């Protein structure tokens, strides 16, 4: 038993770590849209550019059809027409901040084709214009879920410059909380659901997409889309009749910009059948005089959504069970007064 409890605790901790980690992880995509050379490229050479993530010096160039991991201008630019050149996406942890540092290495390759390494040796046919550049991308200045406007980066000597655009995915929102810790609600009460996106660098145009799932169902249905990280919902928002037993509801929320969605975060809670109710006019008292033992109390039109009712008449301990929405008490204990119930 102790081993099982320990195992369940470990699993719970792992699930918590995974959920928190998802709230921090995003993927950053960078696409090179144009290259500018500040020299005359008319000598049959091929400018080469390599891009790196400075944090770990990771090469961001995808291999071309010949297996070379660098940008060949002749492959992508024909008479001022530029084909988009996507870099390897960067997996970024928002706990590291919002600034991503990049660098590039550029040079003029003597050969039109060949490897991606600079070779400045020899007197003739050597590579030239070996330059480096660094720049930063601050995600706070970029709206999530969609590509940014075109941005620019230039090598230190200015012979090479690139235009690029950036897009990063939406993370998971923070966990969903309910206004009642136990997560148990009467069916005629409303539930206040709250989430947040504390680590999201830029919240421009960010919406919250809420969905629900009934217990036993595999389908999720739209509940609401809100600009606020809060939602007030009732049972009738998801079912059309009061439950006769406890109804478990699963709710999930995703950050949303346009058609882009973040990883969903899920919360469960329970709606319990609401308490029965009745009107005073539906209580009829007969023969309840003092010291009389044969009084009768008629109760009718009990409104509720359960199959059985348990009624208790005070100050006595007499209990009557009802299954048809009405009840009759007979033989009320001595000490009760006429007209007073």
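With the structure loaded, tell me whether residue 145 is over 17 Å from residue 61 (Cα atoms) and touching a residue at least 12 places away in the same chain (Cβ under 8 Å) or whether it fails that test.
Values: over 17 Å from residue 61 (Cα atoms): yes; touching a residue at least 12 places away in the same chain (Cβ under 8 Å): yes.
When the stated conditions are applied, residue 145 passes them.
Answer yes or no: is there a residue in segment 234-241 that is modelled with pLDDT under 95, closer than 18 Å to residue 268 by Cβ and part of a loop (DSSP other than H, G, I, E, B). Outline the logic, then answer.
As a first pass, look at segment 234-241 and keep what is modelled with pLDDT under 95: 234-241.
The next check asks that each one be closer than 18 Å to residue 268 by Cβ; those that pass are 234-235, 237-239.
So of that shortlist, the ones also part of a loop (DSSP other than H, G, I, E, B) come out as 238-239.
Yes, because at least one residue in segment 234-241 is modelled with pLDDT under 95, closer than 18 Å to residue 268 by Cβ and part of a loop (DSSP other than H, G, I, E, B).
Take segment 173-202 and flag every residue that is within 14 Å of the chain's Cα centre (by Cα) and either without any contact (Cβ under 8 Å) to a residue 24 or more places away in the chain or not in a loop (DSSP other than H, G, I, E, B) (or both). Break it down into steps so the answer makes sense when it comes.
Restricting attention to segment 173-202, the residues satisfying the condition of being within 14 Å of the chain's Cα centre (by Cα) are 173-177, 193-200.
Hits for segment 173-202 are 177, 193, 194.
Does any residue of segment 173-190 turn out to be under 21 Å from residue 148 (Cα atoms), in contact with a strand residue (DSSP E or B) (Cβ under 7 Å, 6 or more places away or on another chain) and assigned by TED's automatic domain parsing to the domain that holds residue 234?
The first filter runs over segment 173-190 and keeps only residues under 21 Å from residue 148 (Cα atoms), leaving none.
Scanning segment 173-190, I find no residue that is under 21 Å from residue 148 (Cα atoms), in contact with a strand residue (DSSP E or B) (Cβ under 7 Å, 6 or more places away or on another chain) and assigned by TED's automatic domain parsing to the domain that holds residue 234, so the answer is no.
I'm checking my understanding of the structure. Among residues of segment 154-172 that are touching a helix residue (DSSP H, G or I) at 6+ places or on another chain (Cβ under 9 Å) and not in a loop (DSSP other than H, G, I, E, B), which one is nearest to residue 232 (Cα to Cα)?
Of the residues in segment 154-172, the ones touching a helix residue (DSSP H, G or I) at 6+ places or on another chain (Cβ under 9 Å) are 166, 168, 171-172.
Remaining after also requiring not in a loop (DSSP other than H, G, I, E, B): 166, 168.
Values: 166: 36, 168: 30 Å.
Only one residue tops the list, namely 168.
The values are calculated or read from the model by the stated rules, or taken from the named source; none is laboratory data. Please read all numbers here as calculations on a predicted model, not as lab measurements. When we count neighbours, we look across all protein chains shown, and the Cβ atoms used for this are built from the backbone with ideal geometry, even at glycine.
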